[in-house]
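First the structure, in the form of structure tokens, and then the observations on it.
The values are calculated or read from the model by the stated rules, or taken from the named source; none is laboratory data. Since we're looking at a predicted model, the values are computed, not measured. Cβ: placed from backbone, ideal geometry, glycine included. Neighbour counts: every protein chain shown.
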């Protein structure tokens, strides 16, 4: 009986979601866990701080090939006699976790938002409008953790890193191209988000939104119409059909708060709404509100953020 | 090209969310059901576009559910699918749905299986990947673009900070997200034609569920919004630091 955790560690530093998942797995297990990953990442020993005793890396796998990675996870699970397999509910985990579950005929908790209460895992349903408790009926369980659900463990220790030696079969998915669009903070794992909508009146007016985000160390996001009109790139679109996020702070500027937008942001811990229309539905979901013109309010926020940064 | 599109029935996006039987069941009383938007707007419409561009092939939809899903299935036929399959089962978890779809699809020779990225009720995003695993096919989730050239599928997906372009061979399974196609409104001719298009009901294989949703709860009510006058907007930053303690 043991717990393993599958993470995506590609990138310049260890992704936050990976550190959260290792922390979560070791809390579930009540002790060290084995982490499984792929690609070129260095410095994986550091995952010991979050509770990884061992990290197994398939160096030959470069892309998110669901079949290779599923075999990797299942092979490690068999070798470790794992009864709990933790994944991340992100673009990588969604290509792997349900496959692992189907292969092992294991129950899958898709997007757990915390540690279980008894045998029950809590997850968001109805696009954040309700929560559900899920019980797994199979001997092996797969649990995908939603990003931003727990604090990263800060223990000591260093994990031993070993290469995966088995055969994962041919790659069936190849990466042809990656088009980068800026180097900002990845939206799904951002703790602070500054978002703007049609109230900004045009893409040429985004500079103060970006300035406020930079001052706060926040990611930028936008509403659907703004992405559809190509004022901002599509990967910034938060809402029911875009990215669903759960940051600590969501500042919405010039966004009215249609139900589809709320579905993507209603899990934010603190919501601030700035809108010139006092009847904007978003105010009903907000913790803080300012009725005012974005072009008058933004400079005041920027000034206050500069002052705060100077003080701390 | 033979395309299979997974169609799920979900409560309308604006439906009231309430629960019955001591919060163990979704309360469907008075709720209008629709085709899951990701299945309809993106997966189904892209399937139709691919068939139209090629000038040949077929688009079949598959739904796992009771007879009460047939009105929703007819909507998918009205939009343009050639035929529909309903697996007569009341599935209680994603594995059951996927196993029923895979049991039907395994010897039918589909070149492409399309699913929405998730349903808007359970938001699991599991069924497409599970079907792919059970059929031993490659799968890409969250695809915002799909082109098919011969037997090669090219898929784009939004990843944090950019766009990833992937290539894979048919047959494969793709999870459709926003951007893959534009919503089509069925016209009168489509609605009339849908009435006589084949809707085949196949018996369930009834695999055992491996998980159960045992209880629901509504999120705690939000406290009253604290309004700050626009002239003193800077105070918001102060409150976020000292009161909400998020910055």
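Here is a check on your reading of the model: is residue B:32 modelled with pLDDT under 95 and either over 23 Å from residue B:130 (Cα atoms) or surrounded by 24 or more Cβ atoms within 10 Å (Cβ to Cβ) (or both)? Answer is no for this residue. Residue count for the range A:165-180, restricted to those that are more than 10 Å from chain B (Cβ to nearest Cβ) and under 15 Å from residue A:65 (Cα atoms): 4. Entry remark, the range A:181-198: residues being more than 20 Å from residue A:249 (Cα to Cα) and either in contact with a helix residue (DSSP H, G or I) (Cβ under 8 Å, 6 or more places away or on another chain) or more than 14 Å from chain B (Cβ to nearest Cβ) (or both) number 2 in total.
Condition first: under 26 Å from residue A:188 (Cα atoms), within 11 Å of another protein chain (Cβ to nearest Cβ) and free of Cβ contacts under 8 Å to residues at least 40 places away in the same chain. Can you find one or more residues in the range A:55-73 that meet it? Yes, the range A:55-73 contains at least one residue that is under 26 Å from residue A:188 (Cα atoms), within 11 Å of another protein chain (Cβ to nearest Cβ) and free of Cβ contacts under 8 Å to residues at least 40 places away in the same chain.
Among B:227, B:192, which is free of Cβ contacts under 8 Å to residues at least 24 places away in the same chain and more than 10 Å from chain A (Cβ to nearest Cβ)? Can you show your working first?
On the way: B:227 fails: more than 10 Å from chain A (Cβ to nearest Cβ).
Of B:227, B:192, the one residue that is free of Cβ contacts under 8 Å to residues at least 24 places away in the same chain and more than 10 Å from chain A (Cβ to nearest Cβ) is B:192.
Residue-wise test of (1) closer than 24 Å to residue A:264 by Cα; (2) touching a helix residue (DSSP H, G or I) at 6+ places or on another chain (Cβ under 6 Å); (3) within 7 Å of chain B (Cβ to nearest Cβ); (4) in a loop (DSSP other than H, G, I, E, B).
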| residue | (1), (2), (3), (4) |
| --- | --- |
| A:79 | no, no, no, no |
| A:87 | yes, yes, no, no |
| A:95 | yes, yes, yes, no |
| A:102 | no, yes, yes, no |
| A:114 | yes, no, no, yes |
| A:122 | yes, no, no, no |
| A:132 | yes, no, yes, no |
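Here A:305, A:310 are screened, and the one residue that is crowded, with 19+ Cβ neighbours inside 10 Å and farther than 20 Å from residue B:224 by Cβ is A:305.
Entry remark, the range A:1-24: residues being closer than 16 Å to residue B:160 by Cα and more than 15 Å from the chain's Cα centre (by Cα) number 2 in total. One residue alone among A:86, A:125 is assigned by TED's automatic domain parsing to the domain that holds residue A:34 and within 19 Å of residue A:24 (Cα to Cα), and that residue is A:86. Determine whether residue A:12 is free of Cβ contacts under 8 Å to residues at least 12 places away in the same chain and either surrounded by fewer than 22 Cβ atoms within 10 Å (Cβ to Cβ) or assigned to a loop (DSSP other than H, G, I, E, B) (or both). It is true that residue A:12 is free of Cβ contacts under 8 Å to residues at least 12 places away in the same chain and either surrounded by fewer than 22 Cβ atoms within 10 Å (Cβ to Cβ) or assigned to a loop (DSSP other than H, G, I, E, B) (or both).
For the range A:263-288, the candidate set comprises residues that are within 18 Å of the chain's Cα centre (by Cα) and in contact (Cβ under 8 Å) with a residue 60 or more places away in the chain; within that set, the residue that is nearest to residue A:192 (Cα to Cα) is A:268.
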